[in-house]
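Student: What follows is a single structure, and I will ask about it in a moment.
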Amino acid sequence: MLDHVTIGVSDFERSKAFYDRALSALGIVRLYGDGEQFAGYGIRPKAFFWIGMRGAVQTGAHIAFTAADHATVDRFYADAIKAGAKDNGAPGLRPNYHAHYYGTFVLDSDGHNIEAVCHLPQG
């Protein structure tokens, strides 16, 4: 079981602005941080997703957040794109994963693949 994950970012302020907006549709907010180097996001009282300044950022991380329903996946995608993400897979069913897998993928400014997914059938 995972407790938390941290990814490196190259521009702390830009990344905070992006994740503040993109994660809000999922009910995930910035809870606290460690000065000007780290920020923790989660659902009160626990931060489980962290961003941190790194000298050399490694891209290619894939982080998937659970969404309550298909509309929330859609909102996440729209908010992430408005916040500067690049499309990496528009919202839709991914039946190759399973029949009800509804997800979307965006790339943040450092190339991390950020996903929102709902495993429930359309309601």
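The values are calculated or read from the model by the stated rules, or taken from the named source; none is laboratory data. Just so we're clear, the structure is a prediction, and the values are computed from it rather than from any experiment. Virtual Cβ from ideal backbone geometry, glycine too; neighbours counted across all protein chains shown.
Student: Give me a count of the residues in region 36-93 that are more than 18 Å from LEU120 (Cα to Cα), in a strand (DSSP E or B) and of a type in the set (Gly, Ala, Ser).
Tutor: Count: 5.
Student: Condition (residue is of a type outside the set (A, V, I, L, M), over 30 Å from HIS100 (Cβ atoms), over 14 Å from the mean Cα position of the chain (by Cα) and part of a strand (DSSP E or B)) applied to region 18-30: is it met by at least one residue?
Tutor: Scanning region 18-30, I find no residue that is of a type outside the set (A, V, I, L, M), over 30 Å from HIS100 (Cβ atoms), over 14 Å from the mean Cα position of the chain (by Cα) and part of a strand (DSSP E or B), so the answer is no.
Student: Shifting gears a bit: Sort out which residues of region 31-49 are among the small types (Gly, Ala, Ser) and under 16 Å from the mean Cα position of the chain (by Cα), and write them in order of number.
Tutor: Scanning region 31-49 gives ALA39, GLY40, GLY42, ALA47.
Student: Confirm whether GLU13 is free of Cβ contacts under 8 Å to residues at least 60 places away in the same chain, surrounded by fewer than 14 Cβ atoms within 10 Å (Cβ to Cβ) and either at positive phi or assigned to a helix (DSSP H, G or I) (or both).
Tutor: Against the criterion (free of Cβ contacts under 8 Å to residues at least 60 places away in the same chain, surrounded by fewer than 14 Cβ atoms within 10 Å (Cβ to Cβ) and either at positive phi or assigned to a helix (DSSP H, G or I) (or both)), GLU13 qualifies.
Student: Got a sec? Which of ALA64, ALA71 is modelled with pLDDT of 95 or more, farther than 22 Å from GLY111 by Cα and either of a type outside the set (Phe, Trp, Tyr) or out of contact with any Phe, Trp or Tyr (no Cβ under 8 Å at 6 or more places or on another chain) (or both)?
Tutor: Unique residue meeting the criteria: ALA71.
Student: Got at least one residue in region 79-98 being under 12 Å from the mean Cα position of the chain (by Cα), at negative phi and of a type outside the set (A, V, I, L, M)?
Tutor: Yes; the residues of region 79-98 include at least one that is under 12 Å from the mean Cα position of the chain (by Cα), at negative phi and of a type outside the set (A, V, I, L, M).
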